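Read-outs: derived from the displayed coordinates by stated rules, not from any lab. Note that the coordinates shown come from a computational prediction; the quantities given were computed from them, not determined experimentally. Virtual Cβ from ideal backbone geometry, glycine too; neighbours counted across all protein chains shown.
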Amino acid sequence: MIGILRHGKTDWNVKHKIQGRTDIPLNEEGINSAKEAREKVSALGFDICYVSPLTRARQTAQILTEGSSLKNVVDERLIELGFGDHEGMEGVFGKPEHPLYKLFFDTENYEATCGAESIAELMARVKEFCGEVLDPLIKEGKNVLIVAHGALNAALITFLMGNEIKDFWAYGQSNCSIFKFYPGDMERTQEENAATYKILQMR
């Protein structure tokens, strides 16, 4: 099994600010949510945890694995989608004229601007991570936990599920929620996640 978990909440999440690679720590709610998720994650029996290098993800992973023998391995390829000069902006979801609006509502036609990373670049590093890290571990029968970010996780889920880019946000994640993927068992994957995940409705 592969568990894909989004980091806990930050102050920028609360303010609906574009975070990207800006290194924002968890706020109190994010810390508490990670603590609440720890027992559930522990019960899933993961063998190893791969985590984004950004503070909010590393903090979440440290809380989730506290008191266990689970090793946290930082992988640079799990860093969030870079938004370039757009990072720190608020209210993008309500601005159809903004370059980032299409990323969330018309992903297949999104064009990266102002130093932002493209979807093709994001998918390329996700594919590389899966080929070099996930595939060998799954063949060994290992259960892998991944703690990262909204867009990164969406790309990972898109790749694993074989979805088209137009369905990039089909399994939008709230903070500290987990997506469970069972290699070779798509029916179980869909069934176990259907009750928790709906098409992402941006506000």
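Side notes on the structure shown:
- Neighbourhood charge, 12 Å Cβ-Cβ cut-off, centred on residue 67 and excluding it, Lys, Arg +1 and Asp, Glu -1: 0
- Column: log10 I(q)/I(0), Debye, Cα scatterers of the chain, q = 0.10 Å⁻¹: -0.39
- Placing a label point 7 Å from the Cα of residue 166 along the Cα-to-Cβ direction, the residues of the range 86-119 with a backbone N closer than 17 Å are 102-111.
- Of all aspartates and glutamates in the structure, those lying under 15 Å Cα to Cα from residue 102, and not within fewer than 8 positions of it along the same chain, are 111, 117, 167.
- Percent antiparallel among DSSP beta bridges (both partners in the range 2-194, rounded to 5): 35
- In this structure, the residue pairs whose Cα-Cα separation is over 27 Å, taken from 71/127; 9/180; 35/166, are 35/166.
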